[in-house]
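Input: a single structure, listed below in structure tokens.
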Amino acid sequence: MRMIDRVVKGDLHGVHYAVSIFIATAVLWFLLRQLADTSPIWAISSMIATSDPLMKQALATFRGRILNTLLGCATGLLFLAIGGSGEWTLSLSLAVTVFISSYVVRIPTMWRQAPITAAIVIAGELQHHSRLTGMEAGLRRVGEVLLGCVVGLIVAWFLSEIWPLPEIVLAPAAAPPSPAGAAVPGAVAPGAKGAPSGPRA
């Protein structure tokens, strides 16, 4: 216990986040592997990408996370439909996704989620030679990605309710020291008008 205390130094946010990831991963593994008989790796990847160790931060950015996830799903499916399994499909779709997220959606919070989701959706098609089979795999990826996103947020919220932790407050940065010879605001140079005179005899 003393060794653990020395490592965490009283800050349990990392432990809290690890427990949240563990529970969410177990839930997704059970839902997809045991009930749906499919691989949960894409849902788990999405869950990790959209989770946040600070619950208030996760809730504040929920809209941005969901919109960027939906944008990545839509763009990935669009390029699967028109581009198939071409070698340029993945790189072009990621570039277009970033462009739309930056200049159309304009929600910078978690904007990386959009191209990550598009890559996950398109990755399903790259494993198949048939475009129809690839589209079916892409649609399944969309459902898995959205499920992972939602499960991650629900588990984080639930854990914050039963195990609340104080929010991290960042200390203000200290002002850098003034270089030698630099003027100090409010100081008056010796001999200048208004400067205090030396001691009188």
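Return the total of residues in region 62-78 being among the β-branched types (Val, Ile, Thr) and over 16 Å from the mean Cα position of the chain (by Cα).
Matching residues across region 62-78 total 1.
I'd like the residue in region 120-134 that is closer than 20 Å to ALA95 by Cβ and surrounded by fewer than 19 Cβ atoms within 10 Å (Cβ to Cβ) and, out of all such residues, is modelled with the lowest pLDDT.
Looking at the filtered set, the residue picked out is LEU126.
Considering ILE154, ILE162, ILE100, which residue is at pLDDT 85 or above, of a type in the set (A, V, I, L, M), closer than 30 Å to VAL15 by Cβ and under 19 Å from the mean Cα position of the chain (by Cα)?
After applying the criteria, what remains is ILE154.
The values are calculated or read from the model by the stated rules, or taken from the named source; none is laboratory data. All of these numbers come straight from a predicted model, not from anything done at the bench. For neighbour counting, all protein chains shown are included, and Cβ atoms are generated from backbone atoms with ideal geometry for every residue, glycine included.
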